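What follows is a single structure, written as structure tokens, with notes after it.
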Amino acid sequence: MVPNTLFMGQQLFFLPVCESTNSEAQQLLLKNKATEGCVVLTDEQTRGRGQRGNFWEAAPGKNITLSVILSPVFLAVRHQFYLNMAVSLAVLDLLREQGLEQAQVKWPNDLYFEDKKLGGILIENTVNSLSIQHSIVGIGLNINQLHFGIDTATSVAAVVGTQLDLKRLVARLMEMMEKRYLELRSGKLGKLRHEYLQVLYRYQEAHAFSVGNERVTGRIVGVDEDGRLAVEINGELRYFAFKEIAYII
Ligand code: BTN
């Protein structure tokens, strides 16, 4: 299904099986074969990559597994987290349209429904000294899978109780991504950050976190320009980069 977009998803490579769509996208970039908004879509990854060096596993043919190639040359390197926010919001726009009103983003960019993971985003940027040259935006979203090896995962079908049309959802995701990406391109950084905070998992609530080997109780109060999580712990405001703090769920 062709998305109703200017460029997002207009060029599409479908691979029935591949190691990782992010790696395939990287190859396309190296060979100069991709235009902005190009999508690599697969039914099955054999070495899907997640954040923190984890593997990303998904049942073949049941989920959204894709990478989008972007050239956000307009985005200063110090603002790169805004791309994470824009993409997270686009995926949430899709989830909410499917009836998952309670879906949220777990910082930095996991998609959550209640206390379970629906999907994740892995963004790999190529930067020069001032700006981002290319971004590979990898998205894994559990759609029709009903059984998981872990009880901390869920899917859209498990929540809504019906199977969904994957092709239609991919096209819709491209439409949502283009809308958010154009907001980013036109400099609506404040709007994106504001909306991201509105949908942030455990925002402004007291919860347990682990910081190093320590278990602390903290309250997320924001995200700074660099994408660091601002958490109030024992009356003190502290900022954490990715991997420096973990939610205890
Ligand atoms: C995470 O939550 O750890 C991020 C998961 C990102 C997975 C997607 S699936 C499509 C793309 N290709 C990959 O190898 N990883 C991302």
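The values are calculated or read from the model by the stated rules, or taken from the named source; none is laboratory data. All values reported here derive from a predicted model rather than from experimental measurement. Cβ atoms come from the backbone with ideal geometry, glycine included; neighbour counts cover every protein chain shown.
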Can you list residue pairs whose Cβ atoms sit under 7 Å apart, with the first residue in the stretch 205-225 being on the phi < 0 side of the Ramachandran plot and the second being among the β-branched types (Val, Ile, Thr) and outside any strand (DSSP E or B)? Count only pairs 6 or more apart in sequence or on different chains. ALA208/ILE248; PHE209/ILE245; PHE209/ILE248; SER210/ILE248; VAL211/ILE245; ARG215/ILE248
Restricting the search to the stretch 24-78, which residues are hydroxyl-bearing (Ser, Thr, Tyr) and either on the phi > 0 side of the Ramachandran plot or free of Cβ contacts under 8 Å to residues at least 24 places away in the same chain (or both)? none
Restricting to the stretch 16-26, give me the number of residues that are touching a helix residue (DSSP H, G or I) at 6+ places or on another chain (Cβ under 8 Å) and more than 10 Å from the ligand (Cβ to nearest atom). 0
Within the stretch 116-139, the residues that are farther than 20 Å from SER23 by Cα and modelled with pLDDT of 95 or more are LYS116, LYS117, LEU118
I'd like to verify a number: residues in the stretch 30-46 that are within 13 Å of the ligand (Cβ to nearest atom) and surrounded by 18 or more Cβ atoms within 10 Å (Cβ to Cβ), how many? 5
Test: residue in the stretch 58-69 that is farther than 24 Å from ILE248 by Cα, basic (Lys, Arg) and out of contact with any Phe, Trp or Tyr (no Cβ under 6 Å at 6 or more places or on another chain): yes
Of a type in the set (S, T, N, Q), under 17 Å from the mean Cα position of the chain (by Cα) and modelled with pLDDT of 95 or more, is that true of GLN102? yes
For the stretch 100-121, indicate whether the set of residues that are among the β-branched types (Val, Ile, Thr) and either surrounded by fewer than 23 Cβ atoms within 10 Å (Cβ to Cβ) or not assigned by TED's automatic domain parsing to the domain that holds VAL40 (or both) is non-empty. yes
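Applying the selection to the stretch 108-164, what residues are among the aromatic types (Phe, Trp, Tyr) and closer than 19 Å to ASP93 by Cβ? It would help to see each step written out before you state the result.
Within the stretch 108-164, the first condition is being among the aromatic types (Phe, Trp, Tyr), and the residues that meet it are 112-113, 148.
Within the stretch 108-164, TYR112, PHE113 meet the criteria.
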Tally of residues being at pLDDT 95 or above, in a loop (DSSP other than H, G, I, E, B), polar (S, T, N, Q) and closer than 30 Å to GLY187 by Cβ across the stretch 55-96: 1
Does ARG52 count as assigned by TED's automatic domain parsing to the domain that holds MET177, at pLDDT below 95, away from the ligand (no atom under 16 Å from the Cβ) and out of contact with any Pro (no Cβ under 7 Å at 6 or more places or on another chain)? no
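Any residue at all in the stretch 161-184 that is under 25 Å from TYR239 (Cα atoms) and touching a residue at least 24 places away in the same chain (Cβ under 8 Å)? If you could, list the steps in order and put the result at the bottom.
Filtering the stretch 161-184 for residues under 25 Å from TYR239 (Cα atoms) gives 184.
Next cut, touching a residue at least 24 places away in the same chain (Cβ under 8 Å) only: 184.
Among the residues of the stretch 161-184, at least one is under 25 Å from TYR239 (Cα atoms) and touching a residue at least 24 places away in the same chain (Cβ under 8 Å), which makes the answer yes.
Residue by residue, here is whether (1) under 30 Å from ALA208 (Cβ atoms); (2) more than 10 Å from the ligand (Cβ to nearest atom); (3) of a type in the set (Val, Ile, Thr) holds:
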position	(1), (2), (3)
LEU28	no, yes, no
GLY48	yes, no, no
PRO72	no, yes, no
TYR82	yes, yes, no
VAL91	yes, yes, yes
GLN104	yes, yes, no
